[in-house]
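Worksheet: the structure to be examined is printed underneath.
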Amino acid sequence: MAYPAVDDEPVPGTAVCDLDHHPYGEHMAMVRDLDTGGGEGAAWARWEDGHPPRLDVLPYCPSTTPSGSDACWLFEKHRGGHTWEHYL
């Protein structure tokens, strides 16, 4: 699958897990938004402590606030709460 060039921003050199706090298991951090309006999703780094990271392209979570005014920017089927639950 080919993805369009979204921007020229450099890829971050470090990653911090974007999921709710968890003491074990897989961590995930968004590396680059790939969505240009066609539902492409984002590139995500995933890693477990002591193991090398890998990169996956995942669609966005379809959840929105009850009013529909804000969306979750995590990936589809993520564990933990939605971003709009934490930041609104």
If you go through L34, L88, the only one that is exposed (fewer than 13 other Cβ atoms within 10 Å of the Cβ), at pLDDT below 90 and touching an Asp or Glu at 6+ places or on another chain (Cβ under 7 Å) is L88
Search the range 4-24 for residues that are closer than 27 Å to G81 by Cβ and pair each with any residue that is assigned to a loop (DSSP other than H, G, I, E, B) and at pLDDT 80 or above when their beta-carbon atoms are under 6 Å apart and the residues are at least 6 apart or on different chains.
V6/L34; L19/G80; D20/G80; D20/G81
So A45 passes all but one of these: (1) modelled with pLDDT of 90 or more; (2) not hydroxyl-bearing (S, T, Y); (3) not in a strand (DSSP E or B). Which condition number does it fail?
(3)
The range 35-67, subset in contact with a Pro (Cβ under 8 Å, 6 or more places away or on another chain) and among the hydrophobic types (A, V, I, L, M, F, W, C), residue farthest from T83 (Cα to Cα)
W47
Which one is surrounded by the fewest Cβ atoms within 10 Å (Cβ to Cβ), of the residues in the range 48-69 that are touching a Gly at 6+ places or on another chain (Cβ under 7 Å) and assigned to a strand (DSSP E or B)?
V57
In the range 24-38, anything part of a loop (DSSP other than H, G, I, E, B) and in contact with a strand residue (DSSP E or B) (Cβ under 8 Å, 6 or more places away or on another chain) is listed as E26, L34, D35
Take the residues in the range 62-73 that are out of contact with any His (no Cβ under 7 Å at 6 or more places or on another chain) and among the hydrophobic types (A, V, I, L, M, F, W, C); name whichever of them is farthest from L19 (Cα to Cα).
A71
Residue list for the range 10-31, filter: surrounded by 13 or more Cβ atoms within 10 Å (Cβ to Cβ) and either modelled with pLDDT under 85 or touching a Phe, Trp or Tyr at 6+ places or on another chain (Cβ under 8 Å) (or both)
A15, E26, H27, M28, A29, M30, V31
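The values are calculated or read from the model by the stated rules, or taken from the named source; none is laboratory data. Bear in mind the structure is a predicted one, so any value in this text is a computation, not a measurement. Cβ atoms come from the backbone with ideal geometry, glycine included; neighbour counts cover every protein chain shown.
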